Amino acid sequence: MGGRQIFTVAPHAGVAATGFLPDCRTISNIARKEAANYKDYYARDIPGHVLADRIALYVSQRTETFWYRVFGASTVLATYDEKGPRLFMVDPAGETYQYYAVAVGKGRAQAKVKLEKLDLAAMTCRQACVEISKIMHGVHDEVKDKPFELNLTWICEESKWQHRRVPDEIAAAADADGKKAADGSDSDDDDDDDDEEYVNVDTPPAVQSVETSSNE
């Protein structure tokens, strides 16, 4: 995901959005305004679930009246509050759910399958950056998809529980590991294709068996 689609909306909260870029910016501005208003009124940081619900309410209103266009963006919200680090997703219909890990945008189905296989609870944030990079590069099709730049942000002990960009050296190392893993996977697939036996479907079965045994 590009850096233009990752936004800090409060010191303890960040938004990553995918879809129509102006809508991504609009939703991030809404989140920033809601977080600031809550801070001014209650003199405390807005809890993650409250911010997620307020974003979802605004998005869902666009689906209820015919004179508004529905937002063409899905939003992932990461926060840290008294309940610890939390992750939410708001879809274009205005529905929001809390997740342990989630993927949105193109290739999300493949990414979700890979995320489900990770034991994220046993990983450090640095290790998670590497695994996320591997997933991003693994689901990216260099032929069909546009080139992308990996941008990572986190909320963890290293960032003092604030939404910050992952340091360049850590992000670069994770990006390199992801590319290496993707290249290795592609080469393994090519080797598997070379090992497959060639059988001419137009050849009679008797001749096919001879050709197969001679190749062995």
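Remarks
- A DSSP coil position with no more than 11 other Cβ atoms inside 10 Å describes the following trypsin sites (Lys or Arg not before Pro) in segment 74-173: Lys83, Lys117, Lys144, Lys160.
- With a 1.4 Å probe rolled over the protein heavy atoms of all chains, the accessible area of Arg25, Arg4 falls in the order Arg4, Arg25, largest first.
- Over 15 Å [Cα-Cα, segment 113-168], rounded percent: 55
- Solvent-accessible surface ranking, highest first, for Met136, Met89 at 1.4 angstrom: Met136, Met89
- In this structure the amide hydrogen of Ala13, modeled in the peptide plane, comes within under 5 Å of the amide hydrogens of His163, none closer than 5 places in sequence on its chain.
- Karplus-derived 3J(HN,Hα), 6.51/-1.76/1.60, for each residue of segment 23-39, Hz, glycine and proline x: 5, 4, 5, 4, 5, 5, 5, 4, 4, 5, 5, 5, 5, 5, 4, 5, 5
- Along its principal axes, segment 55-103 has C-alpha extents of 39, 22, 11 angstrom, given from the largest down.
- Whole-Hz Karplus values for segment 76-82 come out as 10, 10, 10, 9, 9, 9, 5 Hz, taken residue by residue from phi with 6.51 cos²θ - 1.76 cosθ + 1.60 and θ = phi - 60°; glycine and proline positions read x.
- Three-way shape call for segment 1-138 based on the alpha-carbon gyration tensor, with the a/c threshold at 1.5: oblate
- In Å², nearest 10: area of Phe20 left accessible to a 1.4 Å probe: 110
- Using θ = phi - 60° and Karplus 6.51 cos²θ - 1.76 cosθ + 1.60, couplings along segment 45-51 (whole Hz; Gly, Pro as x): 5, 5, x, x, 5, 5, 5
The values are calculated or read from the model by the stated rules, or taken from the named source; none is laboratory data. Everything numeric in this text was worked out from a predicted model, so none of it was measured. Virtual Cβ from ideal backbone geometry, glycine too; neighbours counted across all protein chains shown. Just so you know, the surface numbers come from the protein's heavy atoms only, side chains and all, with ligands and any DNA or RNA stripped out. Shrake-Rupley method; radii C 1.70, N 1.55, O 1.52, S 1.80 Å.
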